[in-house]
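Worksheet for the structure shown next.
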Amino acid sequence: LPGPPVTITPRPSKVILFLSDVYSPFDINNQLVQDGFAAAGFHVLGLDYFYGDLISKHEGASNEELMAWLAKSRTQADEALPKWIKAVKEIYGELSVSISTSLTRTSCVGYCFGAPYAMDLAATDEPLTAAFAHPAFLTKDHFSKLTKLLLLSCAETDSTFGPQNLYSAADVLSETKKRYHLQMFSGAQHRFATRADPADENAVWAKDESSRSIVGWFNRFSK
């Protein structure tokens with residue numbers, strides 16, 4: 001969605017905030033992931049902080065041009081997310097509610113570019129649970145400031161968040177007594193959870209298992 005969501009009646013019981021990679025929530029691969037979450041019983045809100053200016057429109061651009069696009073997109077996302085969260089709360093109620101109530105339970109998941117925003121939310125009182133897959137731009141502070149339940153779904157080969165990053169994150173999460181679950185898929189590469197090669201059985205299995213794990217994680221704490 002390029003703008004805040006409109007009122008839905010009746011109110012869904014489970015909502016996922018889908019924070020996409022640089023291809024936007026309208027990319028066919030990301031749409032399929034969102035469809036999978038919807039088929040599992042979630043009302044999915046895909047936030048388009050690129051306003052239609054996704055990275056695929058910049059094929060052939062120089063590195064300098066891509067860095068400028070990235071900086072612009074991060075500024076847009078920084079400005080858009082608070083407005084989105086405000087609108088979601090107005091429509092669906094407070095995001096982080098007791099699992100014993102009948103109100104909407106909201107979770108968030110971030111992929112690559114979207115992972116820091118999922119982690120920012122997970123450091124607040126907003127979502128009930130959080131998850132990310134093949135993240136980018138994460139720092140130690142994202143993990144030390146975590147206040148919510150977190151699932152980490154990672155690739156064995158990933159220049160933006162490789163095994164050493166995962167081990168360091170696990171150390172911080174363990175030392176600070178966070179509640180989390182982590183998984184690393186051997187043979188998987190960055191983007192595996194959204195753009196797996198359909199000819200690669202291992203990649204497809206990793207993609208599907210990542211989605212299943214995220215659904216299971218959210219369902220575990222949304223009942």
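No value in this document is a laboratory result; all are computed from the given coordinates. Computed from a prediction, not measured in an experiment: that's the story for all the values here. Here the Cβ positions follow ideal geometry from the backbone for every residue, glycine too, while neighbour counts run over all protein chains shown.
Free of any GluC sites (Glu not before Pro) that DSSP assigns to a loop and that have at most 15 other C-beta atoms within 10 Å, the longest stretch within the chain is 95-223. Across segment 103-223, the mean sequence separation of Cα contacts (distance under 8 Å, 6 or more residues apart), normalised by length, yields a relative contact order of 22 percent. Our summary gives segment 14-222 a relative contact order of 18 percent, counting only alpha carbon pairs under 8 angstrom and 6 or more residues apart.
Stretching the chain fully between Asn202 and Gln164 yields a gain of 11.5 nm (0.36 nm per residue, less the alpha carbon separation).
For the pair Glu175 and Asp53, what calculated FRET efficiency results from E = 1/(1 + (r/R0)^6), where r is the Cβ-Cβ distance and R0 = 35 Å, to the nearest 0.05? Can you show the working numbers first?
Values: r = 40 Å, r/R0 = 1.14.
The calculated FRET efficiency here is 0.30.
When Kirkwood radius over Cα pairs in Å is calculated for this entry, the matching label among (i) 17.6; (ii) 19.1; (iii) 18.2 is (i). Work through the residues other than Asn29 whose Cβ is under 14 Å from its Cβ and net out their charges, Lys, Arg +1 and Asp, Glu -1. Around Asn29, the charge tally is -2. Label-to-label distance for Ala61 and Asp35 is 2.8 nm, based on points extended 7 Å past Cα in the beta-carbon direction.
Label points 7 Å out from Cα along the Cβ direction at Glu209 and Phe26: separation in nm? About 3.5 nm separates the two model spin labels.
How much length, in nm to one decimal, is gained on full extension between Ala123 and Thr139, taken as 0.36 nm per residue of separation minus their Cα-Cα distance? Could the numbers behind the result be given before it?
Details: separation 16, 0.36 × 16 = 5.76 nm, distance 1.30 nm.
Residue separation times 0.36 nm, minus the Cα-Cα distance, leaves 4.5 nm.
Working note: 222 nm ellipticity from helices only, DSSP H runs with n ≥ 4, each -39,500 (n - 2.57), summed and divided by the residues of the chain, gives -13000 deg cm²/dmol to the nearest 500.
Arranged from fewest to most other beta-carbon atoms within 10 Å of their beta carbon, Ile28, Ile91 become Ile28, Ile91. Do the alpha carbons of any pairs in Lys57/Lys207; Lys83/Lys148; Lys57/Lys178; Lys86/Lys145; Lys72/Lys145; Lys57/Lys145 sit beyond 31 Å of each other, and which pairs? Where the Cα-Cα span goes over 31 Å, the pairs concerned are Lys57/Lys178; Lys57/Lys145. The length gained by stretching the chain between Thr75 and Gln183 to full extension, at 0.36 nm per residue less their Cα-Cα distance, is 35.8 nm.
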